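The values are calculated or read from the model by the stated rules, or taken from the named source; none is laboratory data. On a predicted model such as this, the values are computed, not experimentally measured, just so you know. Cβ coordinates were reconstructed from backbone atoms using ideal geometry, including for glycine residues, and neighbour counts include every protein chain displayed.
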Amino acid sequence: MLQKLLTSRNYACDSLHGNLTSVQRALALENFKKGRPPILIATDVAARGLDIPSVEYVINFSFPLTVEDYVHRIGRTGRAGATGISHTFFEPHDRHLCGALVGVLRQAKANIPEDLLAFGATTKRKEPKLGKIVIPPVGEQKTNGHITFGDSESEESS
């Protein structure tokens with residue numbers, strides 16, 4: 001959709017995503033490396049493992065799943081001592097990553113936008129919804145061989 005929009009406004013661009021065949025993806029990547037076209041729109045298919053020199057701009061329309069992936073994505077602009085510009089959209093549903101992101105920005109001595117700080121600078125780890133797995137000691141196991149899932153309250157009361 002983004003590629004169609006940009007193309008309709010006379011921007012030369014290509015895309016790299018999971019709905020393409022491996023041949024189509026390789027062709028799009030090779031053309032981008034040669035500067036034809038100068039814009040490549042990519043999903044997480046291009047997240048890691050691609051050697052793309054001379055990237056000047058990275059725009060993340062969605063924040064990566066982890067701050068480590070964020071660092072890797074924006075690092076494409078800084079290969080071999082080069083510099084570049086990165087813009088990343090950070091939405092309310094990304095707030096659980098705000099603390100880690102602020103930490104990375106501080107470590108890099110980068111400017112931290114006030115709007116980002118408004119999300120809070122704590123990192124919340126998501127807990128599994130199933131609770132803990134309870135495996136009774138040998139000899140106390142039920143004969144049906146099932147493992148039970150419980151929460152911390154039922155675990156403490158047993």
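Here are a few things to note about the model shown:
- Candidate set: the range 16-53, residues that are of a type in the set (Gly, Ala, Ser) and farther than 21 Å from residue 70 by Cβ; chosen: the one surrounded by the fewest Cβ atoms within 10 Å (Cβ to Cβ): 22
- No other residue among 6, 40 is in a strand (DSSP E or B) and in contact (Cβ under 8 Å) with a residue 24 or more places away in the chain apart from 40.
- Considering (1) in a helix (DSSP H, G or I); (2) in contact (Cβ under 8 Å) with a residue 12 or more places away in the chain, the lone condition that residue 68 does not fulfil carries the number (2).
- Residues (over 16 Å from residue 116 (Cα atoms) and surrounded by 12 or more Cβ atoms within 10 Å (Cβ to Cβ)) located in the range 69-92: 69, 71, 72, 73, 74, 75, 76, 77, 78, 79, 82, 84
- Residue within the range 101-110 that is on the phi > 0 side of the Ramachandran plot and among the basic types (Lys, Arg) present: yes
- Positions within the range 89-102 being in a helix (DSSP H, G or I) and of a type outside the set (Lys, Arg), in sequence order: 92, 93, 94, 96, 97, 98, 99, 100, 101, 102
- Cβ-Cβ contacts under 6 Å between residues 6 or more apart (or on different chains), taken from a first residue in the range 44-56 that is closer than 14 Å to residue 33 by Cα and of a type in the set (Asp, Glu) to a second residue that is modelled with pLDDT under 75 and in a loop (DSSP other than H, G, I, E, B), are absent.
- Filter result for residue 23 (out of contact with any Leu (no Cβ under 9 Å at 6 or more places or on another chain) and without any contact (Cβ under 8 Å) to a residue 12 or more places away in the chain): yes
- Residue 76 at pLDDT below 90 and among the basic types (Lys, Arg): yes
- Filter result (part of a helix (DSSP H, G or I), touching a strand residue (DSSP E or B) at 6+ places or on another chain (Cβ under 8 Å) and more than 16 Å from residue 106 (Cα to Cα)) within the range 71-88: 73, 76, 77
- Selection from the range 18-48 of residues that are modelled with pLDDT under 85 and either within 15 Å of residue 77 (Cα to Cα) or more than 16 Å from the chain's Cα centre (by Cα) (or both): 46, 47, 48
- Conditions (1) part of a helix (DSSP H, G or I); (2) surrounded by 13 or more Cβ atoms within 10 Å (Cβ to Cβ); (3) modelled with pLDDT under 90; (4) not β-branched (Val, Ile, Thr): number failed by residue 63: (1)
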